[in-house]
Structures are given as C-alpha cells and as structure tokens.
Amino acid sequence: MRRRPRGDGNMPLLEHVLALRKVLVIAAYAVAIGTVLGWFFSDQTFAYLAYPVLRLKNITFITTTPMEPMLVKLKVSLLIGVALSLPVILWQIWSFVLPALKQNEKKYLYIIVPSSLLLFIGGAALCFFVILPMGIKVLLYAGGGMVQSTPFVTKTSYLGFLITFLGTFGLVFQLPIVLLILIRIGILSPRTLAKKRRWAVLIIIILAAVVSPTPDLFTQFLMAAPMYFLFEISIWLGYIVERKRTKALASQ
C-alpha cells in the first residue's frame, strides 16, 4: 500500500481531504461487498443475535410495521458487511491516522491493525456473551414492581440496541492501542499514567456513563471495569514500548 511521505503535517488541506476521501471510498466498497454476501446469511445471523432475548421467559419479538422485517434483514446484512470488512476498515483508519511513519516504522501497522481487530472483536464478544444477557435481563424486568406485564420487543429496537452496545464496547477496547501510540511518539509516559491512576478511574467512570448505551449503573459498571483493566495493561505494555523507543533514539 502506498504511504504518504513523512512531513504530512505540512500537507495542504486539499490533500488531507483527498486522502480521507480515499479511505472512505475503499471502506465503503469493502462494506458494500460484505453486505451483499451478508444478505444470504442475514436470517440465520439475526436468529443467533436474538438468542439473549429468546432465552428469557415471557419475552416476545413483535413486528409493528409491514416494512420492519425487510429493514431488519437489510440492517443485519449491513452489520455482517461491516464485520467482514473490519480488517480493511481498520487498516484504512490507522493508515490515515498514522501517515508519517518512517520506512522502517511501517512494520508497526502490521502489529497495530491485527491488535486493534482482536481488541474490537474481544470487546464485542465480551459484550454479547457476558454483559448483554445480564443487561437485557435487568433492563426488561427492572421496575416491574407489583404490576404484572409482558415485555414485547420489536426487532428494530433490539437490533439498534445491539449494534450500539457491540460498537461501543469494540471502540472502548481500542484504549490500549491509543495509549501505546501516544507513549511511542512521546506524548505520554507509563510513569505518568501510573501516577494518575486516581484521575484515570474518575475519567473512566465519567466516560462509561457518557458512552454507555443505557443509563443504568449496572451497565456502566460492566463497561468501566474492563476499561480500567485495559488501562492497567497499557501501563505495563507502555514500559516495554518506552524502553524500545529509548533504544531507538539512542542508536540514531
């Protein structure tokens, strides 16, 4: 893949816009191809994604408009398309965000992109298999009190809730990559992060409250706990990155 030359910070605005356009076009083509393929597996995929709701007692999916089944099928196909094209999307994003790599530093893209992909998948998997089943159960049955009721869930509302949940956790799990990049370029240091743990806890709690798809404290805690764990991992990996950066600077 062709890379923009070092000194990209001095590129004219038009070149930045054209580079961003190229990223968006390639990502869009990848998603479109994946969506076409996903159409053939959309019904089976939704049946699998709906399991956290179907496993609960007295919960029923309903359809409220004639177009809803077709819209759900399209949205599931698009979700599959994004999932299949995720490696391409992440490669394009990180290639655009990190344009000023030296020739001998391009190898870091081959570490950053797979790591970013694994973290995104890990965050989405943790959400779907652990947090989502508990969160849905709490949300659907909370506040029932003494009044008996039967929860009904539309396919559209559930799918929107699910996509927001999975996407949020996948993005939150990119925290170690971002912190390690900032350490690698010298903006942050692991010692600074370690000294600011109390502030980090406060920021993580606030961030979890802001980006959490639901306002309940239970979901926010389930999001904040992995974020702090990833923060601690970033500190220890940061020492390794900083040591390598110091050696590289000393050898120049």
Subset of the stretch 157-203 [crowded, with 18+ Cβ neighbours inside 10 Å and among the β-branched types (V, I, T)]
T168, V172, I177, I183
Could you identify the single residue in V72, V53 that is within 19 Å of S157 (Cβ to Cβ), at pLDDT below 90 and among the hydrophobic types (A, V, I, L, M, F, W, C)?
V53
What is the number of the single condition among (1) loosely packed, with under 14 Cβ neighbours inside 10 Å; (2) over 27 Å from P133 (Cβ atoms) that A19 does not meet?
(1)
Restricting to the stretch 40-70, what's the tally of residues that are crowded, with 18+ Cβ neighbours inside 10 Å, free of Cβ contacts under 8 Å to residues at least 60 places away in the same chain and touching a Pro at 6+ places or on another chain (Cβ under 9 Å)?
0
Between a residue in the stretch 159-187 that is aliphatic (A, V, I, L, M) and any residue that is not in a helix (DSSP H, G or I), which pairs come within a Cβ distance under 6 Å, given they are 6 or more apart or on different chains?
L182/L188
Keeping to the stretch 113-126, report how many residues are under 13 Å from V88 (Cα atoms) and among the β-branched types (V, I, T).
1
What's the total number of residues in the stretch 146-196 that are under 30 Å from I62 (Cβ atoms) and under 24 Å from the mean Cα position of the chain (by Cα)?
16
In the stretch 207-220, how many residues are under 18 Å from the mean Cα position of the chain (by Cα) and surrounded by fewer than 14 Cβ atoms within 10 Å (Cβ to Cβ)?
1
Going through the stretch 71-81 one residue at a time, which ones are out of contact with any helix residue (DSSP H, G or I) (no Cβ under 6 Å at 6 or more places or on another chain) and either closer than 28 Å to I112 by Cα or buried (at least 20 other Cβ atoms within 10 Å of the Cβ) (or both)?
L79
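The values are calculated or read from the model by the stated rules, or taken from the named source; none is laboratory data. Since this is a predicted model, take the numbers as computed values, not measurements. Counting neighbours? That spans all protein chains shown, and the Cβs are built from the backbone with ideal geometry, glycine included.
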